[in-house]
1. Using a 1.4 Å probe, how large is the accessible area of Asp45, given in Å² and rounded to the nearest 10?
2. Which FRET efficiency, nearest 0.05, do Leu20 and Ile96 yield, Cβ-Cβ r, R0 25 Å?
3. When the accessible area of the chain is split by element with a 1.4 Å probe, what percent falls to carbon and sulfur?
4. List the lysines whose Cα sits under 27 Å from the Cα of Lys65, skipping any in the same chain fewer than 8 residues away.
5. On average, how much accessible surface per residue is there in the chain, in Å², for a 1.4 Å probe, leaving out ligands, DNA and RNA?
6. As a test of the formula, what do you get for the chain when each DSSP H run with n ≥ 4 contributes -39,500 (n - 2.57) and the sum is divided by the residue count, at 222 nm and rounded to the nearest 500 deg cm²/dmol?
7. Give the shape of the range 1-50 as rounded, prolate or oblate, defined through the alpha-carbon gyration tensor: a ≥ b ≥ c are the square roots of its eigenvalues, a/c under 1.5 means rounded, and otherwise the shape is prolate if a/b is larger than b/c and oblate if not.
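The values are calculated or read from the model by the stated rules, or taken from the named source; none is laboratory data. Quantities reported herein were computed from a predicted structural model and do not represent experimental measurements. All Cβ positions, glycine included, derive from the backbone under ideal geometry; neighbour counts span all protein chains shown. To get the accessible areas, we keep the full protein, side chains included, count just its heavy atoms, and leave off ligands, DNA and RNA. Shrake-Rupley method; radii C 1.70, N 1.55, O 1.52, S 1.80 Å.
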Amino acid sequence: PVYQPISVAIRIPGNLSAPLRDKLTIAYREKGGNWIAEGGTLRGDEITQKVKHFGSFCVMADTIKPRITPVTLYSKGGMTQESEFLFKIGDNFSGISTFRLEVNGQWVLTEFDAKTARLFG
């Protein structure tokens, strides 16, 4: 067992395009065969990440955008007045670390329920 995090470092080809390099992550293969994104910091031609387990690791690019699906949108006089909304959000690989909802350029206070992957306000 690993009691303290260990560093995993993997060299990547130096000729990858900048847009693709920004999407790279170290991935861990679970016993069932699924790949789980671990994250990583890119420095030069190497990506590193601290982990708390041994196993099979590789570098993957997360190129599929997160999903945002409207569940309900109720408005009393338009979105500029009293409104309620509910969206289901998700990602197939690395997850969603931050989100920000704006209506007509104005920030809207929201809550996120991680258990149901729903964003509401």
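1. We get 70 Å² for Asp45.
2. 0.80
3. So the carbon and sulfur contribution to the accessible surface is 52 percent.
4. Cα-Cα hits under 27 Å: Lys23, Lys31, Lys50, Lys88, Lys115.
5. Value returned for the chain: 73 Å² of accessible area per residue.
6. -500 deg cm²/dmol
7. Oblate shape, in that a/c is at least 1.5 and b/c is the bigger or equal ratio.
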